[in-house]
Amino acid sequence: MADDLEAARRREREFLVSVGHDLRTPLTTIAGYAEALHEGKVAEEDLGKVAGVDPPESGRLSRLTEDS
């Protein structure tokens with residue numbers, strides 16, 4: 001029984017690490033671009049490209065949280 005409990009705890013930790021990674025990846029992308037925009041570090045000709053990153057990344061977050 002102790003082995004089963006330890007295995008369950010290990011699976012839980014692995015699951016949480018995986019979920020954390022899956023959520024951090026799009027959040028990091030969105031935050032990085034938002035910071036660059038806020039600080040004026042994006043050239044005017046790149047604004048469209050940078051703005052185009054948010055919808056797919058926020059959609060990815062939505063899919064991750066809605067599938068639960």
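The values are calculated or read from the model by the stated rules, or taken from the named source; none is laboratory data. Keep in mind the model is a prediction, meaning the values are calculated, not measured. No Cβ is skipped: glycine too gets one built from the backbone with ideal geometry, and neighbour counts run over all protein chains shown. Side chains included, ligands, DNA and RNA excluded: accessible areas come from the protein's heavy atoms. Shrake-Rupley method; radii C 1.70, N 1.55, O 1.52, S 1.80 Å.
Details
- With Cα atoms, 0 to 90° folded angle of helix 2-38 axis to the chain main axis: 10 degrees
- Tilt relative to the chain, helix 54-66 - C-alpha long axis, 0 to 90 degrees, to 10: 20 degrees
- Calculated FRET efficiency, Arg13 to Val53, Cβ-Cβ distance, R0 = 30 Å: about 0.45 to the nearest 0.05.
- Within the accessible area of the chain, the carbon and sulfur atoms contribute 56%, probe 1.4 Å, all protein chains present.
- Of the GluC sites (Glu not before Pro) in the range 20-59, the ones in a loop by DSSP (not H, G, I, E or B) with at most 11 other beta carbons within 10 Å are Glu39.
- Solvent-accessible area per residue, Å², over the chain with all protein chains present [probe radius 1.4 Å]: 82 Å²
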